[in-house]
1. I'd like to know if the stretch 428-449 contains one or more residues that are touching a Gly at 6+ places or on another chain (Cβ under 7 Å), over 26 Å from L335 (Cα atoms), surrounded by 15 or more Cβ atoms within 10 Å (Cβ to Cβ) and not polar (S, T, N, Q).
2. Yes or no: G136 over 20 Å from E249 (Cβ atoms), surrounded by 24 or more Cβ atoms within 10 Å (Cβ to Cβ) and under 16 Å from the mean Cα position of the chain (by Cα)?
3. Out of the residues in the stretch 354-373 that are more than 17 Å from L123 (Cβ to Cβ) and over 20 Å from the mean Cα position of the chain (by Cα), which is surrounded by the fewest Cβ atoms within 10 Å (Cβ to Cβ)?
4. Can you tell me which condition E125 does not meet? The list is (1) charged (D, E, K, R); (2) outside any helix (DSSP H, G or I); (3) within 30 Å of S15 (Cα to Cα), and all the others hold.
5. Sort out which residues of the stretch 432-447 are closer than 16 Å to A78 by Cβ and out of contact with any helix residue (DSSP H, G or I) (no Cβ under 7 Å at 6 or more places or on another chain), and write them in order of number.
6. Given the conditions (1) in a helix (DSSP H, G or I); (2) within 21 Å of the chain's Cα centre (by Cα); (3) at pLDDT 85 or above, which single one is not true for P97?
7. Which condition does V453 not pass, out of (1) part of a helix (DSSP H, G or I); (2) under 21 Å from the mean Cα position of the chain (by Cα), if it passes all the others?
8. I need the full set of residues from the stretch 30-63 which are closer than 14 Å to L325 by Cβ, modelled with pLDDT under 80 and among the small types (G, A, S), in order please.
Amino acid sequence: MRAGCHRQVPSSAVSLLRTKPVDQLTGDGDHTPLHRSLGLVPLIALSVGATLGTGIFVVLGQAAPVAGPAVAVSFVVAALAALFSALSYAELAGAVPVAGSAYSYTYATLGELVAWVCGWCLLLEYGVSVAAVAVGWSGYLNAFLDATLGVQLPAALSGEVVNLPAAVVVLLAMGVLLGGVKESAAVTTVTTALKVLVLLFFVVVAVFGFQTRNLTPFAPAGVAGITGAASLVFFSFIGFDAASTAGEEAKNPQRDLPRAIVISLAIVTVVYVLVALTAVGAAGVDVLTGSDASLAAVLRQLTDQAWPATILSAGAVVAIASVVLTVLYGQTRVLVAMSRDGLVPKVFSRVGVRRVPTANTVIVGVVVAVPAALVPLGQLAEATSIGTLVAFGLVNVGVVVLRRSRPDLPRGFRTPWVPVVPLLGLALCVLLVAGLAPVTWLAFGIWSVVGLVVYFAYGRRHSKLAPSPAQGE
């Protein structure tokens, strides 16, 4: 009787807590079929490219009416939450340099079920983020066509019924990824540099129209407005963790992944605060409100000329496309890790002749193109934020657990003041999650239930950590 009960334990509650040994994870990374071709600069470009633009080009118009002129402070609050989590990411990326990012880190520290939840949240984060950015890209494409050719896409095809350009840019990014990681990295580096130059151009122009009266009242909704907007613009910082998904394609992951994560977050934060502050100071909150191409609207009002907005829109059309490219890349690599562990079908980890997961990339590209074409921007941004915050919170916990369980593990970077910094990161994630709308929680709840059904129906039985009888089921 006791023996029978003992045999059932691995397939029941205890099996949900099984962890994947760190040595096994790093062994997977050492024998990866992916191509190790990325140095520090491409990794920084990957993280900055995945991050910079998602909020400033797209979400600023959604957040400004919530916080008022204090939206610049909202970016700082969100950056602090991101910083604590970024330090945790940096340590785990150096200690466990594999493709799965937060999913793999939680698998090594908190167990299979938590890792599945984290991976499922990452799929929400990356997939919905790509769709949201693609919708913003569509808005800037319309602004660019209007400024240069005097035409706009039919409303029915650009968001009123279906957003065709948003779907098209996702499929174009899919095509670039199929060309190979080295080629994709070269495209990302060029477009990221262009993006920074375009935003600096905006700051220079906006400074000349800056008026302090546009900053009063500074925080009309008080602290609640600032934190509420911070919950929304936190979406702008997802992407700094993109470098961690390249753990198996970095030349020196232990050294370069932590550096890329911290440096990219610093670059992005400075640019975001400068652009948000000058945008509000130059044009006021009303001009920003509700526009998917809010920065172009600021320049049109400020200069009363078409060419500055045309330059910005042209840069945004190219630059935001790079966000779609890099975040789509991150999602495919998370699926590679989950597939290799047996939690999702093997097709997602099969690598083609160009040493990229071909079928995985095609499936993800096509699936993500659908919400990009059909779902409004605001709902996409908030759904992305909640998935991101859950994943970040788990990474912070993972640092504390791994410090206790494997203090001997070589680390390319060590988070300072553990456990204080990771626990502060966790607390800020909880605070920002609490600020999201009830409808976002409802959508996340439905997503989570679907994820648990998939795990118990497929993932748990096919897990590589399951005992032999379970594997044969």
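1. Yes, the stretch 428-449 has at least one match.
2. Values: over 20 Å from E249 (Cβ atoms): yes; surrounded by 24 or more Cβ atoms within 10 Å (Cβ to Cβ): yes; under 16 Å from the mean Cα position of the chain (by Cα): yes.
It is true that G136 is over 20 Å from E249 (Cβ atoms), surrounded by 24 or more Cβ atoms within 10 Å (Cβ to Cβ) and under 16 Å from the mean Cα position of the chain (by Cα).
3. R354
4. Failed condition: (2).
5. Result: A434, single match.
6. (1)
7. If we test V453 against (1) part of a helix (DSSP H, G or I); (2) under 21 Å from the mean Cα position of the chain (by Cα), just (2) comes out false.
8. G53 - this is the single residue of the stretch 30-63 that is closer than 14 Å to L325 by Cβ, modelled with pLDDT under 80 and among the small types (G, A, S).
The values are calculated or read from the model by the stated rules, or taken from the named source; none is laboratory data. Computed from a predicted structure; not experimentally measured. Neighbour counts run over all protein chains shown; Cβ positions are idealised from the backbone, glycine included.
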